[in-house]
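A short write-up of the structure that comes next.
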C-alpha cells in the first residue's frame, strides 16, 4: 500500500524549521548541518608581482561570495569560524602573466603555515597555469592560505582576472 504525505514544513522538537516547501515543488533546507557552509570564492582583481625564488602568499583581493566572512582580503587567509570545524575542500589556480621561460613554478595549500598539498610544473609557454586541490580536516581558528613560488630569474606577475586566478573552499556535509 502506498501513501502520500503532504506538508509544507518539517520541524525539530524545538519548533526549528528543518525543511520548508513553497508549494510549487521548491524545497529549502534550513538545517545548517545539511549545507556546505561556510563557503567562499575569491580572486585577484589585478596583477600581483611575485619575486624570483620567493614563496609568497597570494592575496585574493575580491570576494565573489563568503557566507561566514571567514576570508580576509587583506591577508589572503581563510580562518575557520567558531563552531565550523570539520572537513573542507579547497581549490586554487594561478596563471603567470609572462612570456618568460621558467625553471619551475609551484602552488601550495598551507594550513597554519604548514604545506598540506602542492602542485609544481616546469612550464615554458605564455600564460602558464597551475592549480591545486585538497581535502583538509580543520579545527576552529585554523588558517588556510595559498602560496606560490616561481623560478624565472626575475619578478613576474600573477594575472589578475577572476577566471585565471581564484581560490575557493567549502565545508563538507557530515
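The values are calculated or read from the model by the stated rules, or taken from the named source; none is laboratory data. Quick caveat, the model's predicted, so the values are computed rather than measured. Cβ placement follows ideal geometry from the backbone for every residue including glycine, while neighbour counts extend to all protein chains displayed.
Annotations for the structure displayed:
- Qualifying strands (runs of 3 or more DSSP E) (wholly inside segment 21-110; at least 2 residues being in contact with a strand residue (DSSP E or B) (Cβ under 7 Å, 6 or more places away or on another chain) and assigned by TED's automatic domain parsing to the domain that holds residue 152): 39-43, 48-50, 62-66, 77-79, 86-96
- Being in contact (Cβ under 8 Å) with a residue 40 or more places away in the chain and assigned to a loop (DSSP other than H, G, I, E, B) is a property that holds for residue 153.
- Whether a residue is surrounded by 13 or more Cβ atoms within 10 Å (Cβ to Cβ), closer than 21 Å to residue 42 by Cβ and at pLDDT below 95 was assessed, and residue 118 passes this test.
- Pairs where the first residue, in segment 47-70, is free of Cβ contacts under 8 Å to residues at least 24 places away in the same chain and the second is not in a loop (DSSP other than H, G, I, E, B), C-beta under 6 Å, 6+ apart: 63/42
- Test: residue in segment 90-105 that is at pLDDT 95 or above, under 19 Å from the mean Cα position of the chain (by Cα) and exposed (fewer than 13 other Cβ atoms within 10 Å of the Cβ): no
- Verdict on residue 37 being under 24 Å from the mean Cα position of the chain (by Cα), in contact (Cβ under 8 Å) with a residue 24 or more places away in the chain and either over 24 Å from residue 171 (Cβ atoms) or loosely packed, with under 10 Cβ neighbours inside 10 Å (or both): no
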